[in-house]
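First the structure, in the form of structure tokens, and then the observations on it.
Nothing in this text is a laboratory measurement; each read-out follows from the coordinates by a stated rule. Everything numeric here is computed off the predicted structure, so don't read it as measured data. Backbone-built Cβ (ideal geometry, glycine too); neighbour counts: all protein chains shown.
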Number of protein chains: 2
Amino acid sequence: MYSLEMEKADGRRLSLYSRRPIDGNIPPSLLEAPAGVNPHLRWHPLRGEWVTYAAFRQTRTFHPPPEYNPFSPSASLDNPTELPVGDYDIAVFDNRFPALTRLAHDPPKSLVDTLPAKGQCEVVVFTQDPNSALGQLPLDHIDLLLQVWGRRTEILAMRDDVLYVLPFENRGAEVGVTLHHPHGQIYAYPFIPPIPQLMQANEASYFKQEGSPLLQDLIEMEVESRERLLYLGPQAVAFIPAWARYPYEVWVAPIKAVPAFSVLAEEQRIDLARALKTVLLKYDGLWQKPFPYLMAWYQSPLDGEPHPEAHLHAEFYPPYRTADRLKYLAGTELAAGMFANDALPEEKAKDLQAVEVVL
Amino acid sequence: MYSLEMEKADGRRLSLYSRRPIDGNIPPSLLEAPAGVNPHLRWHPLRGEWVTYAAFRQTRTFHPPPEYNPFSPSASLDNPTELPVGDYDIAVFDNRFPALTRLAHDPPKSLVDTLPAKGQCEVVVFTQDPNSALGQLPLDHIDLLLQVWGRRTEILAMRDDVLYVLPFENRGAEVGVTLHHPHGQIYAYPFIPPIPQLMQANEASYFKQEGSPLLQDLIEMEVESRERLLYLGPQAVAFIPAWARYPYEVWVAPIKAVPAFSVLAEEQRIDLARALKTVLLKYDGLWQKPFPYLMAWYQSPLDGEPHPEAHLHAEFYPPYRTADRLKYLAGTELAAGMFANDALPEEKAKDLQAVEVVL
């Protein structure tokens, strides 16, 4: 992996990554962030969790035309974008409208506790091609992305205002995405967020009792059953879990527990890229159209403790339950926290197993 | 409150409620549920929560035309619906496609724990008028609904497969509702679901330390500040909480902590109906169109323990952040559990405070 680090005129970081050496003369890109970016956290007393308030996001001064693509490389001041012109594969930069940022300061007083919304929000542009998709990229390009997620996690982990790093991709208008250039995001949280914390607690309690990582044991059973498997390689696996909350929910993971991207062995990472690409191609092949989803990658917390129970993996939450019907999260999911799934994981797995893909 | 209990031909319960005496000769309605209703629960090991699988919901044999309204009263076998013809205000009946039901039995084996999905799913039709809305009903009709929610909770609480009762309403196509006749649902869970459990734990821990109910103390501060208040009566209050996760999130509650509908004093209940109606009219008045939302009413768990910390209240989660922009739940909300709110509660409260309503 080759990389080039630079700083934009507004102080935001920009990192370029490539499978080939990068020309060091690439100038940083020109689009600038608005002033006054200062999100804050408030404590939700009944849920016992932080909520972030980024009200400046509504007062954006920059109103681009609908066809404007800020992720298209540009060297022109007339058409400033986030990305410079040059030969590179992946770009990472600080979000212009971050919900979390190291720059947060002086939170307002409230009747609940408040804090500056420290941490970081990064944008990860997967490719310079606006019409591509993550699943369409070559395997070594996807492998580069896994390395980039690892590098970003390592860099963010060095900061004392970062306790958890979550790379994710929202894909498709159905999940609110208006900008279709292939990209994801990285949220670096100043605390361990509620869901990773819950998962970590359950994994730790299982590890203490059984002496092995929970997800690794579950994967062993999924591999043995084969009923819901979508990919099985020497090092990585993809499957609809027996406990899926969404009809087309898929998990992708190394077979053996590894706590984070940065400690994957090369052969694990390469097989993980194959598992990931297989799932993405099966999704798009299912109804012969781009398949929307939320993809989140869970790693171990960065609290300085050892986490032998942690098992790096992706969870996909697709909004469709059939080709033309969305699954809405409503009363029982959002208010009670119990998911109701209209489909058996075994049946949805058959749908995806039947989609043939060529990597 | 007057009521009439009956049983449909397929064994489902139907209860009619009215402000006036009900003619005892109303025959039960004619629409029958499909056979084979048998949902089951599976344990999600990483989250430590139950997921319910109701796969029969996809194989419905009854395909009504789009204009068909199953909540319209009918006495004709050619046009069977859920509701009988007669003079009554509110009807409650067992959902034809329940995610939870007392009839659940013999769950399939899986590599995770499974259980029959006991409990109950009820539909609550708020009025016979398909073109009305909850907020348009007269105050004494809304007050009747609060009594009905209390009665249903009491009836369901007597069952040994019910530990929590959640009345809610999903309103609007934006939250997935395809049937616009005013109605809500009641889910009776065989366990305390994750979110009520979390809230109860935080409330109990506060109560133990401070000797007073958490939400009651927070409401006292909201009333004192007035900044986010939408309604303040002698017994009830409505406000956007300082810790709102959604831009137009509103909470409605009695001022003094009461654990459940059934123990509200009459003057509390009547003022709570006024608070609720005020919010609903402000919502619809804001953009002069029906305002979609999820409304959930939290009560105390039914685990046989005393719950002096519990405080009956409604939380509204509206999907819009501006008149034409939806707030999508994406990476940080669904995968991490940290909500990002683009709006300050104080500003959104001003929007709703400015809407004048006549009860």
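Annotations
- Copies compared at B:D78 - label distances in nm, ascending, label defined 7 Å from Cα in the Cβ direction: 7.0
- Förster-model FRET efficiency, 30 Å R0, A:D129 and A:T322, C-beta, rounded to 0.05: 0.45
- The string of couplings for the range B:80-89 from the Karplus curve (6.51, -1.76, 1.60, θ = phi - 60°) is x, 10, 7, 10, x, 7, x, 9, 8, 9 Hz, one whole number per residue in order, with x for Gly and Pro.
- Under 12 Å, Cβ to Cβ, from A:Y206 - net charge with Lys/Arg +1 and Asp/Glu -1: -3
- For B:K350, net neighbour charge (Lys/Arg +1, Asp/Glu -1) across residues whose Cβ lies under 11 Å away: -2
- Calculated FRET efficiency for the pair B:F56/B:D78, C-beta based, R₀ 22 Å, to 0.05: 0.30
- Phi to ³J(HN,Hα) by Karplus 6.51 cos²θ - 1.76 cosθ + 1.60 over the range A:295-304, Hz, x for Gly, Pro: 10, 10, 10, 9, 10, 6, x, 10, 9, x
- Förster-model FRET efficiency, 25 Å R0, A:E174 and A:L139, C-beta, rounded to 0.05: 0.35
- For chain B, the 222 nm mean residue ellipticity estimated from helices alone, with every DSSP H stretch of n ≥ 4 adding -39500 (n - 2.57) and the total spread over all residues, rounds to -7000 deg cm²/dmol.
- Size of electric dipole in the protein assembly as shown: Cβ of Lys, Arg +1 and of Asp, Glu -1, about Cα centre, debye, nearest 20: 480 debye
- Peptide B:36-48 shows a mean partner chain C-beta count of 5 within 10 Å per residue C-beta.
- Our summary gives the range A:200-330 a relative contact order of 28 percent, counting only alpha carbon pairs under 8 angstrom and 6 or more residues apart.
- Pseudo-label separations to other copies for A:L103 - Cα-to-Cβ vector, 7 Å, nm: 6.0
- The local environment of A:Q136, defined by Cβ-Cβ distances under 11 Å, has a net charge of -1 under the rule Lys, Arg +1 and Asp, Glu -1.
- This ranking places B:F261, B:F207 by how few other beta-carbon atoms lie within 10 Å of each, fewest first, which gives B:F207, B:F261.
- Max mean-square fluctuation residue, GNM over chain A, Cα-Cα springs under 10 Å, options A:D284, A:D160, A:D94: A:D160
- Normalising by residue count, the range B:195-353 has a Cα convex hull of 118 Å³ per residue.
- Built amide H within the under 5 Å cut-off of B:L230, gap 5+: B:A238, B:F239, B:I240
- Relative contact order, percent, the range A:185-269 [alpha-carbon distance under 8 Å, six or more residues apart]: 18 percent
- The relative contact order of chain A, computed from alpha carbon pairs under 8 Å that lie at least 6 residues apart in sequence, is 15 percent.
- Overall form of the range A:94-198: prolate. Here a/c, set by the Cα gyration tensor axes a ≥ b ≥ c, is 1.5 or more, and a/b is the larger of a/b and b/c.
- Against the rule of thumb 2.2 N^0.38 Å, how large the Cα Rg of the protein assembly as shown comes out: 0.98
- Here the dipole of the range A:2-194 is about 580 debye; that uses its Cα centre as origin and unit charges on the Cβ of Lys and Arg (positive) and Asp and Glu (negative).
- Amide hydrogen neighbours beyond the local backbone of A:V250, cut-off 5 Å, H modeled: A:F316
- Distant-in-sequence amide H partners of B:G176 (H built 1.01 Å from N, under 5 Å): none
- Neighbouring partner chain Cβ atoms per residue of A:340-350, average, 10 Å criterion: 5
- Label zone at B:R13 (point 7 Å along Cα-to-Cβ), backbone N below 15 Å, the range B:131-168: B:148-167
- Helices in chain A that qualify as membrane-span-like (whole DSSP H runs, Cα extent of at least 15 Å along the helix axis, mean Kyte-Doolittle hydropathy of 1.0 or higher) do not occur.
- By the rule of a C-alpha distance below 26 Å, with chain neighbours fewer than 8 residues away ignored, the lysines paired with A:K327 are A:K277, A:K282, A:K289, A:K348, A:K350, B:K109, B:K118, B:K289, B:K327.
- Computed from backbone phi with θ = phi - 60° and the Karplus coefficients 6.51, -1.76 and 1.60, the 3J(HN,Hα) list for the range A:333-343 is 6, 7, 8, 9, x, 9, 7, 10, 10, 6, 10 Hz; x is used for glycine and proline.
- In the protein assembly as shown, a dipole from Cβ-located charges (positive for Lys and Arg, negative for Asp and Glu) runs towards its positive end, and of A:V125, A:G331, B:L100 it is A:V125 whose Cα lies farthest in that direction.
- Rounded to 5, the percent of DSSP beta bridges in the protein assembly as shown classed as antiparallel: 95 percent
- Peptide A:182-189 shows a mean partner chain C-beta count of 2 within 10 Å per residue C-beta.
- Each Lys and Arg contributes +1 and each Asp and Glu -1, all at the Cβ; summed about the Cα centre of chain A, the dipole is approximately 660 debye.
- Toward the positive end of the charge dipole of the range B:168-264, with +1 on the Cβ of Lys and Arg and -1 on the Cβ of Asp and Glu, the farthest Cα among B:V223, B:P259, B:A244 is that of B:P259.
- Copy-to-copy label separations for B:N25, where each label sits 7 Å from Cα toward Cβ, in nm and ascending: 9.8
- Where N is the number of residues in the range B:221-284, Cα Rg divided by 2.2 N^0.38 Å: 1.09
- Overall, the ratio between the Cα radius of gyration of chain B and 2.2 N^0.38 Å, rounded to two decimals, is 1.00.
- Nearest beta-carbon to the A/B symmetry axis - residue in chain A, distance in Å: A:L329, 3
- Mean shadow area of the range A:2-194, taken as a quarter of the surface of its Cα convex hull (nm²): 11.9 nm²
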